[in-house]
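Structure, as structure tokens:
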Amino acid sequence: MSAAAGKTEAERKYEEVRKKRLQERLKRDGVKTHKERVEELNKYLSRLSEHHDMPKIGPG
């Protein structure tokens with residue numbers, strides 16, 4: 001029994017497009033480790049203005 005058995009035409013096309021987009025994203029971004037992703041996020045957050053900082057709440 002194939003993986004496509006029991007799926008509608010729309011479901012098969014959705015899976016095909018999803019796989020294609022995943023392959024394109026992997027090709028474009030490459031495979032990154034968790035550490036690399038966290039470093040990129042930290043760099044992005046450090047460039048944001050103070051407007052995005054959490055306000056101080058409470059005494060202190």
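The values are calculated or read from the model by the stated rules, or taken from the named source; none is laboratory data. Keep in mind it's a predicted model, so treat the numbers as computed, not measured. FYI the Cβ positions are ideal-geometry reconstructions off the backbone, even for glycines, and counts take in every protein chain you see. For accessibility, only protein heavy atoms count, side chains too; no ligands or nucleic acids. Shrake-Rupley method; radii C 1.70, N 1.55, O 1.52, S 1.80 Å.
Of note:
- Farthest positive-ward along the stretch 1-48 dipole, Cα basis, beta-carbon charges - from Leu41, Leu22, Ala10: Leu41
- When you filter the trypsin sites (Lys or Arg not before Pro) in the chain for DSSP loop state and at most 13 other Cβ atoms inside 10 Å of their Cβ, you are left with Lys7, Lys32, Lys56.
- Expected 222 nm ellipticity per residue - DSSP helices of 4 or more, -39500 (n - 2.57), all of the chain, to 500: -19500 deg cm²/dmol
- With respect to the chain, whose longest principal axis is taken over its alpha-carbon atoms, helix 34-47 is tilted by about 50°.
- Calculated over the chain: convex hull of Cα atoms, volume per residue (Å³): 228
- Between Thr33 and Glu50, residue separation times 0.36 nm minus the direct Cα-Cα distance comes to 3.2 nm.
- Rounded tilt (10° steps) of 9-29 against the dominant C-alpha axis of the chain: 50
- Rolling a 1.4 Å probe over the protein heavy atoms gives the chain an accessible area of 105 Å² per residue.
- Inter-label distance, nm, simple model (7 Å from Cα along the C-beta direction), Lys43/Gln23: 2.9
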